[in-house]
Structure formats: structure tokens, C-alpha cells
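No lab work stands behind these numbers, since they all come straight from the coordinates. Fair warning: this is a prediction, and the values are worked out from it, not measured in the lab. Heads up, the Cβs are rebuilt from the backbone with ideal geometry, glycines too, and the neighbour counts pull from every protein chain shown.
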Amino acid sequence: MSLPKRILKEAERLQVDAPEGSYRILEEYATEMMFKGLKPAQGPDGSPFEKGIFSLELWLPSSYPMEPPRVRFLTKIYHPNIDKLGRICLDILKDKWSPALQIRTVLLSIQALLSAPNPDDPLANDVAEHYKSDEKAAIQVSKEWTHKFAQPA
Amino acid sequence: MSDDSDNYMDAASFEGSDIVEDYQSSNPSEAFSDDDVEIEDNEAFIVNEPVKPKKSKFDVDYKVYDINDIISNQQSETEQVCSIFGLQRQDATILLRHFGWNREKLIERYSEDPERILKQVGLAPGTSASAQSDSRANSPVRLKRVKGFTCEICFTGSEDTSTQTLALACGHRFCSDCWKMHCEEKISGQGESRKIECMQGDCQTVMSEQVISQVVPEYIFQRYQTLANKTYVEDNRRGLRFCPGPDCGNVIECQVRGSDLESLIPIVVCKCGQASCFGCSFSGDHRPALCGVTKLWVKKCEDDSETANWISANTKECPRCHSTIEKNGGCNHMTCRKCRHEWCWICMGDWSAHGTSYYNCNRFEDKSGKDARDGQQKSRVSLERYLHYYNRFSNHEQSARLDQELYAKTERKMDEMQRSTSLTWIEVQFVKKAVETVTKCRMTLKWTYAMAYYLDRNSMTELFEDNQADLEKAVENLSELLEKPLDVETIPELRSQMQNATNYVKSRQNILLEDTLQGHMEDRWSYHITIPSLA
Ligand SMILES: [Zn+2]
Ligand SMILES: [Zn+2]
Ligand SMILES: [Zn+2]
Ligand SMILES: [Zn+2]
Ligand SMILES: [Zn+2]
Ligand SMILES: [Zn+2]
């Protein structure tokens with residue numbers, strides 16, 4: 001099965017103009033498509049994730065772009081909106097998804113989420129609690145985790 | 001058949017409907033009608049004296065709607081909103097759906113600030129706030145071929161091709177294939193019917209039914225309408241409910257308040273013949289048990305019945321900590337997994353006291369073992385008590401099935417008899433009547449056992465159980481008659497026996513139901529457990 005034009009086009013654009021790193025299609029199945037970050041996302045400057053290198057997994061359901069892509073962090077991260085399994089709490093990945101949005105937009109939103117954690121809409125409850133009760137200490141843990149887990153291999 | 005449909009529904013909605021007869025014959029108040037079987041059998045001949053089933057004070061008022069009624073109800077509610085605000089029909093539909101068909105709320109909010117409400121529900125063009133519904137009215141949304149168009153979603157189309165496209169009032173134009181897939185995903189994938197928005201991110205312009213019908217295939221659009229009807233019924237949660245009958249799809253309207261359910265059992269019977277309870281959604285007639293009692297009992301049976309028998313045969317409780325121990329294998333030396341107590345399965349005494357005679361227990365008269373057995377006895381009493389009621393409950397359920405099977409056989413026999421003898425159709429109907437009566441009464445009996453399980457022991461309960469015993473005896477009697485072989489010679493005698501027995505069973509059911517339901521209204525029954533309220 002050849003990939004739909006939409007996906008080829010997006011992949012093409014990401015090669016030239018990816019927000020953080022370049023992406024290419026790694027595997028291709030009849031019903032599902034997998035993008036895997038080759039050059040992973042970089043933590044935004046000024047955030048506790050600065051200088052971290054985070055690998056993401058991006059999986060496109062067969063009805064993409066009518067359904068949102070499924071994105072997951074492969075690198076461990078201490079963030080109130082990202083749980084132990086790397087799942088991300090982001091509205092555009094759920095009910096706010098629109099077919100006019102693109103992988104590029106999703107990556108930009110994830111970047112923004114790293115810059116501005118939102119403990120009021122948590123996915124990882126313990127981390128969110130930590131962020132709410134003692135932000136300074138929580139940020140410290142995030143930094144430590146970034147240092148420990150999010151380094152280039 | 002008589003024309004007392006206005007007892008339960010406004011005649012208009014069923015005028016000319018041939019289902020009215022079936023519906024009436026299964027009227028829940030039939031149990032209280034004192035017409036005897038003889039008259040009903042021959043009613044076809046008594047043209048001038050129609051049989052009127054009485055509506056008893058224990059019955060609720062309700063109407064049965066089919067899907068067309070539901071559609072026209074939505075239409076007339078939409079018309080009303082249109083005429084009040086001079087809106088277009090499709091816009092009014094979108095507004096009503098947004099407000100969960102709460103017309104009062106919609107009218108109130110819309111009167112306050114129409115522009116804001118239009119925007120909120122996705123009716124104002126997303127890009128320019130100035131364009132209003134007038135301009136929308138003038139240019140209805142239509143598919144349009146555009147040359148040199150490239151769709152921003154699928155990237156198909158080029159300079160020298162022309163593409164079928166569509167833009168909503170907001171002006172966001174995409175190819176028609178993308179719109180189709182978008183709607184299919186929402187409708188078939190997510191079961192959405194209330195609100196399908198524009199594909200542009202952040203644009204909340206809603207697709208009207210008319211637009212959706214232009215882009216999706218017929219079967220998807222039908223699914224959309226089915227979903228929309230379902231949403232309409234569910235939005236009217238308090239007053240409307242689907243009939244639980246298999247493949248029925250009819251909707252029942254009834255007004256009962258949660259507090260009514262402490263003294264009333266709102267049984268409704270659909271045109272398809274399915275009885276159900278409007279109070280607790282139970283799919284059947286659970287009288288005389290209250291909704292709360294029914295709920296408790298159903299839950300208890302789900303939790304216990306499957307395991308109860310097994311538990312009583314294969315497990316015992318640890319004499320020390322009372323956790324349940326399963327015996328596996330033949331060894332009688334039990335060690336409690338929880339408290340590590342070691343004991344003997346046979347006598348329930350301490351294992352240590354058995355000394356070296358591991359393989360045969362000879363301590364049955366021992367004191368410690370006897371005490372343990374007594375304790376076991378006590379905690380088993382509650383299980384046995386439950387099983388007593390449960391077995392009778394499920395026995396009637398099974399018997400009702402067997403009666404039905406028996407009837408299927410009898411029916412074939414009756415068919416034969418009609419063809420080979422001089423008997424007429426009317427003359428063999430008495431068996432059918434008898435089976436119907438037995439089946440209904442077994443349902444009643446079933447639920448008397450569920451109710452009795454929760455009743456306190458007092459003189460009221462004794463009277464209740466007397467009524468129960470009388471009905472049970474009458475039912476078993478009639479059930480026995482049903483098993484008698486049918487012969488042309490014996491038919492006249494059997495017929496009169498069975499008709500008498502059927503009448504007697506009906507009268508016993510009347511007495512039991514009337515007295516018990518009256519008791520609910522008078523708060524005469526006391527339970528040894530708090531009955532949950534369904535309000
Ligand atoms: Zn398209
Ligand atoms: Zn739009
Ligand atoms: Zn029905
Ligand atoms: Zn009920
Ligand atoms: Zn124990
Ligand atoms: Zn023993």
C-alpha cells in the first residue's frame with residue numbers, strides 16, 4: 001500500500017522544516033503508520049527540560065488525519081501532564097483534534113507543554129501534586145530526571 | 001376490540017394502527033380485570049358490549065411512541081422554536097440539540113443574547129463576527145467544483161484539475177472526500193450526532209443535517225439520524241425511555257418521580273408486548289416487588305447465586321478467623337492461608353489434637369470441634385436462607401420456560417385437532433389462555449420470593465406468605481392440567497376444568513397483587529434492610 005499523499009507531504013515537510021529534529025517514516029503497515037523521531041525533540045531553553053534529548057513515538061491510525069495521531073514519550077520524564085508510560089495529556093491529541101492540524105503542530109504543542117507544565121489538568125497525579133505543593137522541589141526533580149534519562153546515547 | 005386507547009395514550013398517535021389490539025391485550029391492568037375467560041373467548045361475537053379493561057390505581061399513565069412519532073415530536077419542537085425566533089429550521093435543530101432539547105432553557109438564554117448563543121453553538125461564521133444568519137440563509141451550503149484547488153487536509157488537487165469541494169458558513173473550504181471521511185469518523189467512529197464541527201482547528205462552526213446529508217452516503221446518514229433520535233430520547237431522560245424489547249425501538253413516555261417509587265411500581269407494556277419497569281428500567285414485570293427491592297435482589301443474585309451452591313458444598317470457614325477455605329484434594333488437614341490455623345476438615349477441631357492419626361478422624365464428639373461446627377452452622381444460616389428464596393425464585397423462572405415449551409407442543413396438537421375434528425379455533429383457545437396466565441403468575445410468584453427475602457418476620461408478612469402460598473398452589477394445579485393429554489373425547493371436560501382453574505389462578509393473582517400493592521401505598525411492609533431509593 002502506498003502512503004496517502006497527506007502523510008508523504010507531511011513527512012517531506014518535516015525533513016526540511018521540523019520544529020525540533022527531523023522525522024522520517026520508519027515502518028509502514030497496511031493499516032498503521034509509524035513515524036519515529038530520528039533526531040529527537042530537545043527540551044526548550046529555560047525549562048527544567050533544557051538540554052534534554054527526548055525520544056517520541058508517533059503512530060498514525062489508519063483513519064488519520066480524521067483521527068489524531070498517537071504520541072508517546074519514550075524517554076522518562078518528570079512532568080505533570082505526562083505519565084509513567086509516556087502518554088501525554090494534550091487537548092489537541094484528544095477532543096480538540098482537527099484534521100487540519102498536522103504532526104508539525106502536534107510537535108510544537110508538545111514543546112509548549114514542556115515549557116509550561118499544567119498541574120491543574122494532570123495525567124500524572126503524583127507529579128502534579130508535587131508541582132502544586134512545592135514547585136521548586138518538583139522542578140528540581142524534573143531537572144535531575146532530564147540530566148539522568150534524557151541524554152544522547 | 002374496544003376503543004379505550006385513550007386510557008393510556010392519546011388516540012391520535014395510534015389512529016389506524018393495527019397494533020393497538022395487541023397492546024391492549026397485554027395491558028398491565030389486565031390482572032385486575034374481572035372479566036372471566038369465557039367472555040373473552042367469545043368477545044368476537046359480542047359486538048355491542050366491548051370488554052373494557054379497567055385502569056387500576058396501581059397503574060401509571062404512559063404513551064408508546066414509534067420512531068416516526070419521535071421524529072415528528074422533534075420536528076414540532078423545532079417548529080416552535082423557529083416560529084418564536086424566526087430562525088431557520090436547521091439552525092433551530094442545532095440550537096435544541098446543544099441545549100439537550102430543553103426548550104425553556106434555550107428560549108431563556110437566546111432571548112438574553114442571541115448573538116452570543118449563536119456563536120456558542122457554532123452557528124455564527126467563525127471568521128467574521130459581522131456576518132449573521134441572514135447571509136447564511138441567502139447562500140445555502142452546497143457542494144462546488146473548484147478548478148486548481150488543493151485541499152489543505154489531503155493535499156489532493158492541482159493547478160489543472162477540478163475538485164468537488166464544500167465550505168461551511170465560516171468559509172473553510174476542503175475537498176468533499178475529506179468532509180465525508182470527517183463525518184464518517186464522527187458518526188461511525190465516535191457515535192457523535194449532537195455536534196459535528198468544521199474541520200479547521202479552532203473553528204466551531206457546526207455542520208447542519210442538510211450539509212451532512214450532502215457529503216455522506218445514505219447508510220451513514222441513516223446512522224446519524226438514528227443516533228440523533230437516540231440522543232433526543234436520552235436528553236429527555238426523565239420522561240422518555242426506549243422499550244427494552246428485542247429489536248423494538250419504540251419509546252415510552254411516562255412521568256414518575258423518584259419518590260413515587262417507594263409506593264408505586266410503574267410497569268409499562270409496549271406495543272411489541274414487552275413489559276418493563278419505567279422506574280428502574282428492569283425489562284419485565286417485577287410486581288409486587290418495589291424497584292429498590294428488585295435492584296437489591298438482582299444485584300445479590302449476580303454476586304451470589306453462581307457461587308452460592310458451590311460454596312456451600314466445597315468450602316468451609318476457618319474456625320479461627322472465618323475466612324473461606326476451599327478444600328482441594330482429599331487431605332483433611334487444612335491450613336488457613338490467612339491466619340495459618342491448622343484444623344481438620346471433618347470435625348473442624350484443632351489438627352494438633354489429632355495426634356498421629358492423620359488419616360482418620362475419630363474426634364467427631366470432641367468439644368472444640370463441636371463448638372466450631374456450631375459457629376459454622378450459624379454463619380451458614382444466612383446463606384441457606386438466601387438459597388431458600390433463590391431456589392424458589394429461579395424455580396418459577398425455569399418452570400415458566402417449561403410451560404412455554406409444553407405449550408409449543410400443545411399448539412401443534414391443537415392445530416391438528418382443528419383440521420381432523422369438528423372443533424373450532426375458538427374452542428381450542430382455552431389452552432393458550434391457560435399458558436399465558438400460568439406464565440404471568442409465575443413471574444408474580446418469582447418476585448414475591450425476592451420481596452419475602454427482605455421482609456421482616458411479622459404478622460403482615462405471614463398474610464403475605466398466605467397469599468403467596470394460595471397463588472402458588474393454584475398455579476401448580478393449572479400447570480398440572482396443562483400436562484394432561486388432549487383427546488377429542490376428553491376435550492369438553494378438560495376445557496371446563498382448565499377454564500375454571502385459569503379463572504381461579506387469575507383471581508388469586510388479583511388478590512395477591514392488590515393486597516401487596518395496596519400495602520406499598522399504606523407503607524404496611526417492613527423490611528429488615530434499608531431499601532435503596534432510586535430517586
Ligand atoms: Zn481533502
Ligand atoms: Zn470553519
Ligand atoms: Zn417494545
Ligand atoms: Zn422497577
Ligand atoms: Zn484462619
Ligand atoms: Zn478430625
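Label points 7 Å out from Cα along the Cβ direction at B:ASN500 and B:GLU465: separation in nm?
3.1 nm
Show the residues, 5+ positions off or on another chain, whose built amide H is closer than 5 Å to the amide H of A:LEU56.
When sequence neighbours closer than 5 places are left aside, the close amide H contacts are A:GLY37, A:ALA41, A:LEU74.
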